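Asks: Below you will find the structure I want to go over with you.
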2 protein chains.
Amino acid sequence: MVAKALPKPHLTQAARPATVTVDALNEHGESVPTLIAGEHPLTLYLDKREIVTLMTLGTAPEALVLGYLRNQRLVTDIRDIAEVQVDWETDSAAVTTLGGTRDVVALLERRTVTSGCGQGTMFGDLMDDIDRIRLPDEGRLDAATLATLLDNVRRYESIYKQAGAVHGCALASADGAILMFIEDVGRHNAVDAIAGLMWLDGMGGNDKIFYTTGRLTSEMVIKTAQMGIPFLVSRSGLTGMGHAIAEKVGMTMIGRAQGKHYLLFTGGQRFNSGKA
Amino acid sequence: MVAKALPKPHLTQAARPATVTVDALNEHGESVPTLIAGEHPLTLYLDKREIVTLMTLGTAPEALVLGYLRNQRLVTDIRDIAEVQVDWETDSAAVTTLGGTRDVVALLERRTVTSGCGQGTMFGDLMDDIDRIRLPDEGRLDAATLATLLDNVRRYESIYKQAGAVHGCALASADGAILMFIEDVGRHNAVDAIAGLMWLDGMGGNDKIFYTTGRLTSEMVIKTAQMGIPFLVSRSGLTGMGHAIAEKVGMTMIGRAQGKHYLLFTGGQRFNSGKA
């Protein structure tokens, strides 16, 4: 069977430089030129309607905008999107749909009433979704592949190593090879940008591993589950609600993963530690 | 002059336990009971109108709710608040005002249109504010007091040390003594809760130091400036926009502060490193 290429939206390629250098004084009173991560407001317009201002590193703005629209379910099919135009002169991203967006006003009203700005998501809706998600059980991950993934990730974290103050997310294949790697000043942005890239490529999540440098909070687990990815790995710790949701959707979740160390928290049926 | 005690809102005292223990398997296949931070949805109702769902550690929910209302400017005077009732059976915080809230609908509509869920703030409004803020120049901080503050903070970080996955914020007096210390799964929540406690106590910020374990992003700098605090110290790094806003409002901002090390980024006129 030959896969038919889907029409893709027209995208600008408006990546910004990731870092700037500023002067600082250290504890010895010495001047230290210091590389820091960029942070820029990007106001998203959907068919000329203002939706949100995201604070972003700006290295993958088009993917971020697509992923945001996808994860907030403001657009449900990427084929409906004709164009994403990012313009840093006006700090704006203008998204044009093919048929116009019918329900945005209703969706935005709902967002105001039922959900949260505090964590950047539509909480009520998301929890409804979670009840419907059960991740497929076939995938397997072993300790050697996890080690390969962690080693690959270590080599990719360029902006963090240079400037700190960013979170990184990676999408990896089942053998631990990194397919996508995005860093952003916002944890949620990095996840959204990966969701945007997967959407563009028509890529499913069920044979993938998601890695994040950030903490495994409820929202991180929910977004990974929404992408259909059964494996979630983090260098950091987790929260009680992240743990509960991972159990509910049947996710294999691994925290504190760095070097040779890790803690397997949920979904052990898919994981082979190589130990008896 | 005798300060007259202001009437204060009636508050529940509905703090939740900060941690839960879950089982994990380490890289040797050993079972490791692991303490993790709690995370709970808390839906805020203002005069029976649903405003937002915050994901919180839940150890200072009343202060969080007050600080959220203050920082989002949904209520401008704490004397207008009669009661904050937190009920974890329904994961809700019901806030009752004395006169009823007149403008909430308009404020919420504005939030939808002009501002961001991505970072949890009303971006447009906040940037307008920043143009009006110029922090007072009198305060002074020297390297020895900074060292005292960092040492005090190190001893306070109990939940982080136990369970990770939380950010801590401290409000300190000019001599480095900690007045308030709040940890939360959300960086913004910890700041908001401190703003709520300051509001309750009628406490100004101009002779205070604000400490955060989190990164110095634009929003962190903006909130500190809104609280009128001239000193902002973080263990972590900063972003370009955080740096630019700190310069604009004249804030003394210190990053990478840990042990004996720190980097002074802005507002050097208030800081004495003790070096020639």
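The values are calculated or read from the model by the stated rules, or taken from the named source; none is laboratory data. All values derive from a computational prediction rather than experimental measurement. All Cβ positions, even for glycine, are placed from backbone atoms using ideal geometry, and neighbour counts span all protein chains on display. Ligands, DNA and RNA are excluded from the accessible area calculation, which covers all protein heavy atoms including side chains. Shrake-Rupley method; radii C 1.70, N 1.55, O 1.52, S 1.80 Å.
Asks: For the list (1) assigned to a strand (DSSP E or B); (2) open to solvent by less than 10 Å² (accessible area, probe 1.4 Å), I need the number of the one condition that B:Leu179 fails.
Replies: Going through the list (1) assigned to a strand (DSSP E or B); (2) open to solvent by less than 10 Å² (accessible area, probe 1.4 Å), B:Leu179 breaks only (2).
Asks: Could I ask something else about it? Working only within segment B:182-215, note down all residues that are over 14 Å from B:Ile229 (Cα atoms), among the small types (Gly, Ala, Ser), touching a helix residue (DSSP H, G or I) at 6+ places or on another chain (Cβ under 8 Å) and part of a helix (DSSP H, G or I).
Replies: Hits for segment B:182-215 are B:Ala193, B:Gly196.
Asks: Then there is this: Can you tell me which of (1) modelled with pLDDT under 95; (2) touching a Cys at 6+ places or on another chain (Cβ under 8 Å); (3) of a type in the set (Val, Ile, Thr) is the one B:Ile194 doesn't meet?
Replies: Exception for B:Ile194: condition (1).
Asks: Inside segment B:231-252, can you point out the residues that are part of a strand (DSSP E or B) and within 11 Å of chain A (Cβ to nearest Cβ)?
Replies: If the condition is that a residue be part of a strand (DSSP E or B) and within 11 Å of chain A (Cβ to nearest Cβ), then B:Ser234, B:Leu238, B:Thr239 are the ones that fit.
Asks: Given the criteria surrounded by fewer than 19 Cβ atoms within 10 Å (Cβ to Cβ) and touching a Ser or Thr at 6+ places or on another chain (Cβ under 9 Å), does B:Glu219 qualify? Working first, answer last.
Replies: Details: surrounded by fewer than 19 Cβ atoms within 10 Å (Cβ to Cβ): no; touching a Ser or Thr at 6+ places or on another chain (Cβ under 9 Å): yes.
So B:Glu219 does not fit the description; no.
Here is a yes/no grid of residues against (1) more than 24 Å from the chain's Cα centre (by Cα); (2) at negative phi; (3) open to solvent by 60 Å² or more (accessible area, probe 1.4 Å):
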residue: A:Gln13; (1), (2), (3): no, yes, yes
residue: A:Asn26; (1), (2), (3): yes, yes, no
residue: A:Gly29; (1), (2), (3): yes, no, no
residue: A:Leu42; (1), (2), (3): no, yes, no
residue: A:Ile51; (1), (2), (3): no, yes, no
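Asks: Find all pairs meeting these conditions: Cβ atoms under 6 angstrom apart; at least six residues apart or on different chains; first residue within segment B:190-214 and within 14 Å of B:Arg70 (Cβ to Cβ); second residue among the basic types (Lys, Arg) and assigned to a helix (DSSP H, G or I).
Replies: Between residues of segment B:190-214 that are within 14 Å of B:Arg70 (Cβ to Cβ) and residues that are among the basic types (Lys, Arg) and assigned to a helix (DSSP H, G or I), the close pairs are B:Val191/B:Lys223; B:Ala195/B:Arg70; B:Trp199/B:Arg70.
Asks: Can you tell me which of B:Gly267, B:Gly214, B:Gly255 is in contact with a strand residue (DSSP E or B) (Cβ under 7 Å, 6 or more places away or on another chain) and facing another protein chain (nearest Cβ under 9 Å)?
Replies: After ruling out the rest, the residue left standing is B:Gly255.
Asks: Another question about this same structure. Of everything in segment B:28-52, what is in contact (Cβ under 8 Å) with a residue 24 or more places away in the chain, facing chain A (nearest Cβ under 10 Å), over 30 Å from A:Ala143 (Cβ atoms) and of a type outside the set (D, E, K, R)? Give them in sequence order.
Replies: B:His40, B:Pro41, B:Leu42, B:Thr43, B:Leu44, B:Ile51
Asks: Sticking with this one: Working only within segment B:157-176, note down all residues that are open to solvent by 20 Å² or more (accessible area, probe 1.4 Å), among the small types (Gly, Ala, Ser) and farther than 14 Å from B:Leu57 by Cα.
Replies: B:Ser173, B:Ala174
Asks: Mind telling me which of the residues A:Asp192, A:Asp201 ends up being open to solvent by less than 10 Å² (accessible area, probe 1.4 Å) and among the acidic types (Asp, Glu)? Steps first, answer last, please.
Replies: Working: A:Asp201 fails: open to solvent by less than 10 Å² (accessible area, probe 1.4 Å).
A:Asp192 is the lone residue from the list that is open to solvent by less than 10 Å² (accessible area, probe 1.4 Å) and among the acidic types (Asp, Glu).
Asks: Open to solvent by less than 10 Å² (accessible area, probe 1.4 Å) and within 28 Å of B:Pro7 (Cα to Cα): which single residue out of B:Thr224, B:Thr252 fits that description? Show your work before the answer.
Replies: Working: B:Thr252 fails: within 28 Å of B:Pro7 (Cα to Cα).
Criteria check complete, one pass: B:Thr224.
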